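Comments concern the structure below.
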Amino acid sequence: MFDNLSERLSASLRAMAGKSRLTEDNIRETLREVRMALLEADVALSVVRDFTDRVKERAVGAEVSASLSPGQEFLKVVQAELQAVMGDANERLNLSAQPPAVVMVAGLQGAGKTTSVAKLARYLMEREKKKVTVVSADVYRPAAIKQLETLANEVGARFEASSVEEKPVDIVNRALKNAKTAFSDVLLVDTAGRLAIDSDMMAEIGALHSAINPVETLFVIDAMTGQDAVNTATAFDRALPLTGVILTKVDADTRGGAALSVRSVTGKPIKFMGVGEKTEALEPFYPDRLASRILGMGDLLSLIEDAERKVDQKKAQRLAKKVEKGGRFDLEDFRDQLQQMKNMGGIGAMLDKMPGMGGMAQAAQSQLDTKQFDRMEAMINSMTIKERKNPELINPSRKRRITTGSGTAVPDLNRLLKQHKQMQKMMKKMKGGGMQRMMRGMGGMMGGGMPPGGGMPPGFPRR
């Protein structure tokens, strides 16, 4: 996420961290590099200019001069101003209305609008315990209506059927009436997208907004279109009273121009960001956390929240008790750990949120074959229960049976067994508790096979 921007900014600011004294010269030089990094990231020129002016004003003032560690204080100023550019805090959806609260979602075709509606439905149902109805008012694309129906079934939201013969206003009015009858808390309205902004489109969507009077009007922006996304949002804001933005494809965006520009240029808060294709890949937008990640400081709060929400706590506690009592870490336990890691978004997603590990996250994503985790799980599923409990039973003939059954090769299985043995050794060091012993064991694994330039432990699946 924003890897290029993060790398450039971190490099520019690293030299300032150790400064015992800040001068006009070293501040000017660093801010010149910061300015270039932001412009290359496709951040709006007005935003870059305001940002660097504010940083300079605070850096040469009493705020930094009086500090015992001016270099570190300078970094804090940059982080605070970066956060201010994106908004001071997370802004939640305002759903305080007579149910169902109507949320209208608008955007250009291809920005991920329909998928975002499904993601938002899942978010509201799982995290806010809302009953959600979704409806498509896109009468120009029958495929869009079918897509929303499929996604609604996937996430478990109530779907209100519609057809291309109906008028958008009639569709939404009927959906609103039926959502009330179904006791839905929220009605999410997916509107028609276009390949470009045109007057007819704006007139139609403006009329729809006036007719249904939604409590929230969210604009979906493809983060990868950078400055164009901000210009489009500005045009839409003239036609619709937007209340917020959903930024999509953030996980694939190496620049970050849209994320850093949209709040300042449009005055509208980013409320959510899409970080993947799956329906659970929607996160509330926290400016402070993203500023920290961009500067390579990680985002431990989000990592902890992910763990609390996605990790099976019962399985984790069961394994902890088993290991503390000296129980054997078998291949079924190993499979559970693989599944937990996948639920957390994989190694790359986890490392990206850990302080100072942004570069490692990039290396992990580039070197890891993510499908390998599926193959490893398939191999374990292809084993008998006795083989999972006692891997030493797996002789050459059993290996052939397991790999044939899982569609893999014997070298794949040998790698899996080697990794399991390494994990087993590490788990033995945790017997009787002892987190410090576990960390030493992990250090041994990493130290033994981690080259100076990064990389993965020996035997780790690569592309």
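The values are calculated or read from the model by the stated rules, or taken from the named source; none is laboratory data. Small disclaimer: the values here were computed from a predicted structure and weren't measured. Using ideal geometry, Cβ is built from the backbone for each residue, glycine included, and neighbour counts are taken over all protein chains shown.
The residue pairs whose first member lies in the range 140-154 and is free of Cβ contacts under 8 Å to residues at least 60 places away in the same chain, whose second member is in a helix (DSSP H, G or I), and whose beta carbons are closer than 6 Å, counting only pairs six or more residues apart or on different chains, are ALA144/THR114; GLN147/THR114; LEU148/THR114. For the range 146-193, filtering for residues that are under 21 Å from ALA207 (Cα atoms) and in contact with a Phe, Trp or Tyr (Cβ under 9 Å, 6 or more places away or on another chain) leaves 3.
Residue-by-condition table, conditions (1) assigned to a loop (DSSP other than H, G, I, E, B); (2) out of contact with any helix residue (DSSP H, G or I) (no Cβ under 7 Å at 6 or more places or on another chain); (3) not assigned by TED's automatic domain parsing to the domain that holds ASP237:
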site	(1), (2), (3)
GLU126	no, yes, no
LYS129	yes, yes, no
LYS146	no, yes, no
THR150	no, yes, no
VAL164	yes, no, no
ARG174	no, yes, no
PHE183	yes, yes, no
GLY193	yes, no, no
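Return the residue satisfying two criteria in turn: it lies in the range 78-111 and is among the charged types (D, E, K, R) and within 26 Å of ARG35 (Cα to Cα), and of such residues it is farthest from the chain's Cα centre (by Cα). The qualifying residue farthest from the chain's Cα centre (by Cα) is GLU81.
Do the conditions hold for VAL245, that is, is it touching a helix residue (DSSP H, G or I) at 6+ places or on another chain (Cβ under 8 Å) and part of a strand (DSSP E or B)? Against the criterion (touching a helix residue (DSSP H, G or I) at 6+ places or on another chain (Cβ under 8 Å) and part of a strand (DSSP E or B)), VAL245 qualifies. Report the residue count in the range 241-269 for those that are within 13 Å of ASP222 (Cβ to Cβ), at pLDDT 80 or above and of a type outside the set (Lys, Arg). Count: 6. With the condition kept exactly as written, say whether any residue in the range 181-189 is within 25 Å of LEU242 (Cβ to Cβ), among the polar types (S, T, N, Q) and modelled with pLDDT of 85 or more. Yes, that holds for at least one residue. Summed over the range 268-297, the residues that are outside any loop (DSSP other than H, G, I, E, B) and among the small types (Gly, Ala, Ser) give a count of 3.
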